[in-house]
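Asks: Just passing along the structure, written as structure tokens.
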Amino acid sequence: MATTSVPEPRVSVSDYQKGFLILRIYLKAMAFAFTGGMAATPQLMYDITQKHKLLTEDEYTEIIALSNSLPGIIGVNNGYFTGKRIAGNFGAAMAIAGTVLPAFLSMIIVAILFRQLPESRIMRGAINGIRAVSIAVLAQTGVNIILKNKSARFSRVMIVAALLIPLLTPIGAFYTILFCGACGILYLRFADRSAGSQRKEEA
């Protein structure tokens, strides 16, 4: 009697559970990301790396750097790479949904409020306060990344270069990213050659 094999599910049960967990994490964080995806980074970092331990801090820091370097919406880039690494395509879809839904609903609410209260002092005051807090959150994210890489000399040099080049020269962020990426490639090649030379000398 021939037996029929049952096809395995494309997404495992654990991936489904992780995917819905990622959805909740991103919904909570992005609901208060008033200036974009970077404003939610501290909360996402805590939930993903410390509270639920889905990724290590080094892994999530790499995702932050990659999300900011690629074209497109930073929050969506971040959600895609984070969800993909944790729970595959299903996790990526859940993270993107958790990123987009709060922004979509917020735009509808803000549009209604602006139409009803276009000259409201309360509305203007709230926006000014939120803007100030968002700037502080972005600064906190930058400081945390710097402290995370304080022991790596090359990372410190690249952070300073990425900060000073757009401020002191007419070179924009795009070319600064290309420059820092090229420096990183050259640095790794030099480090690999140095390590190879040391191994040969020891042998």
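Throughout, read-outs are computed from the coordinates displayed, never taken from laboratory work. All of these numbers come straight from a predicted model, not from anything done at the bench. All Cβ positions, glycine included, derive from the backbone under ideal geometry; neighbour counts span all protein chains shown.
Asks: Taking θ as phi - 60°, what are the ³J(HN,Hα) couplings along region 60-71 by the Karplus curve (6.51, -1.76, 1.60), each to the nearest whole Hz, with x for Gly and Pro?
Replies: So the Karplus estimates, Gly and Pro as x, are 6, 4, 4, 5, 4, 4, 5, 5, 7, 8, 8, x Hz.
Asks: Continuing with the same structure: What are the ³J(HN,Hα) couplings of region 40-54, residue after residue, when phi is run through the Karplus curve with 6.51, -1.76, 1.60 and θ = phi - 60°? Round to Hz, x for glycine and proline.
Replies: 8, 4, x, 5, 5, 4, 5, 5, 7, 9, 10, 5, 9, 6, 7
Asks: Hey, another quick one. Could you compute the FRET efficiency for A31 and R121, with r as their C-beta to C-beta distance and R0 at 35 Å, rounded to 0.05? All intermediate terms of the calculation are to be shown ahead of the outcome.
Replies: Values: r = 25 Å, r/R0 = 0.71.
For R0 = 35 Å, the calculated efficiency reads 0.90.
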